[in-house]
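For reference, the structure is listed below as structure tokens.
The values are calculated or read from the model by the stated rules, or taken from the named source; none is laboratory data. What you are looking at is a predicted structure, and each value in this text was computed from that prediction instead of being measured. Counting neighbours? That spans all protein chains shown, and the Cβs are built from the backbone with ideal geometry, glycine included.
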Amino acid sequence: MALFYDPRDDKDLARVEAILKHGGIEYFLRREPEAGIGPMQVHVAEEDIPHAEKLLRREELKKEPPR
């Protein structure tokens, strides 16, 4: 398992967890190594990182205003 995402806060963590769950990607959470950085780190299997990145980017594109 490898570090995939380091959320800013609990809301960001919940958003990423929902995207991964919906995409069928297994993950686990690990406490931040230092207090005050963020809530938890999101780890996924190395082979799942490209797919997880694609899912996350797809969600981010939905939020961008049309040009």
Check: Counting only residues that are at pLDDT below 90 and either β-branched (Val, Ile, Thr) or within 21 Å of LYS63 (Cα to Cα) (or both), how many does the range 11-53 have?
Finding: 1
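Each row is one residue, and each column tells you yes or no for (1) on the phi > 0 side of the Ramachandran plot; (2) within 8 Å of the chain's Cα centre (by Cα); (3) not in a strand (DSSP E or B).
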residue	(1), (2), (3)
PRO7	no, yes, yes
LEU20	no, yes, yes
ILE25	no, no, yes
LEU29	no, no, no
GLN41	no, no, no
ILE49	no, no, yes
LYS54	no, no, yes
ARG58	no, no, yes
LEU61	no, no, yes
Margin query: For a quick check of your reading of the model, give me the residue pairs whose first member lies in the range 25-40 and is farther than 13 Å from PHE4 by Cβ, whose second is modelled with pLDDT under 85 and of a type in the set (D, E, K, R), with beta-carbon atoms closer than 8 Å and at least 6 apart or on different chains.
Written below: GLY38/GLU32; PRO39/GLU32
